[in-house]
Amino acid sequence: MYEERPSRLDGAVVWTRTPGGRGPQAVLPDGCMDLLWTPGRLVVAGPDTRAYTPENTGRTPYAGVRFAPGTAPVFLGVAAHELRDRRVDAADIWGDGEARRLAERIEDARDPVAELEAIALARAADAPGDPDPRLRETVRLLDAGGTVAAAAAAVGLGPRQLHRRSLDAFGYGPKTLARVLRLQRALALVREGVPFAAAAAAAGCADQAHLARETRDLAGTTLSAYAASANRETPQPSGSRTTA
């Protein structure tokens, strides 16, 4: 069973997945990174450019903090592009001693999920700086259907500057981020039962065929299969990045 709630960290979400229900469901790209905990392991999930199907999540409990797009690299101390399409043990980022200490803190806590969130909050508070507000505005503009050129101009960055900063913050360039956000908008409408053509138009795709191609490329499935899965059970939101 999957559950989520807003985090005390601005823009973040705390989620849990407990054993039971359907087996592993594909995690779709969403522009986010997660700090994950499962008994005995603390992991950072990088940004995805394609669907990822976790293993064993039907038998193993997980919890995670899903950071707002572009914020995790500042809080966690690692460039997003270094973790693109990867799940990495926290020890590889923070060192064995620190990762072990944090994992033990979570294991010993009365409420491990709350402790995981507390660790995320502490990492954010101790970060050497704040996430770039221009990149947060870039996310907002692209998610509203704006073009990359218009977003770059609006935030006062040249195309090359925006691309370079996007690699560090999101793990990929702004064009890929725009595709990911557009697909998320379209599939949210599909889950609500909106016809494919209407969902494509509302999300900013050229037509239904365009949305079908993007769904195959980024989500690894067809529109019909995605809709059928959504009808069977509310799908696991894209950011719940459980790991093998």
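Worth a mention:
- One chain, two ends: D111 and E137. Fully extended at 0.36 nm per residue, the span grows by 5.9 nm beyond their Cα-Cα distance.
- Residue among A124, G145, V43 farthest towards the positive dipole end of the chain, charges placed on Cβ: G145
- Spin-label model distance (nm) - D217 vs R50, 7 Å beyond Cα toward Cβ: 1.3 nm
- Theoretical gain in end-to-end length, H210 to A230 [0.36 nm per residue, Cα-Cα removed]: 5.2 nm
- Averaging Cα coordinates gives a centre for segment 62-76 and one for segment 134-168; these two points are 20 Å apart.
- One decimal place: the segment D92-Q161 gains 22.0 nm when fully extended, by the rule 0.36 nm per residue minus the C-alpha distance.
- A188/A150 FRET efficiency (R0 25 Å; Cβ-Cβ; nearest 0.05): 0.65
- Taking only the alpha carbons of the chain, we obtain Rg and Dmax values of 17.8, 52 Å in that order.
- A Förster distance of 25 Å, applied to the separation of the beta-carbon atoms of A79 and R100, puts the FRET efficiency at 0.60.
- The largest-to-smallest principal axis extents of the Cα set in segment 11-137 are 41, 34, 24 Å.
- Here is the tail figure for segment 115-240: Cα pairs spaced more than 18 Å apart come to 60 percent of all pairs.
- Shape call, segment 94-155: gyration tensor on alpha carbons, a/c limit 1.5: prolate
- Most mobile listed residue (D48, D111, D126) in the chain, GNM with C-alpha springs under 10 Å: D111
- Nearest-0.05 FRET efficiency for A125 and A197, computed from C-beta distance (R0 41 Å): 0.30
Every number in this text was worked out from the coordinates using simple rules, so none of it is lab data. Keep in mind that this is a model prediction, so the values were computed, not measured. Glycine also receives a Cβ, built like all others from the backbone with ideal geometry; neighbour counts cover every protein chain displayed.
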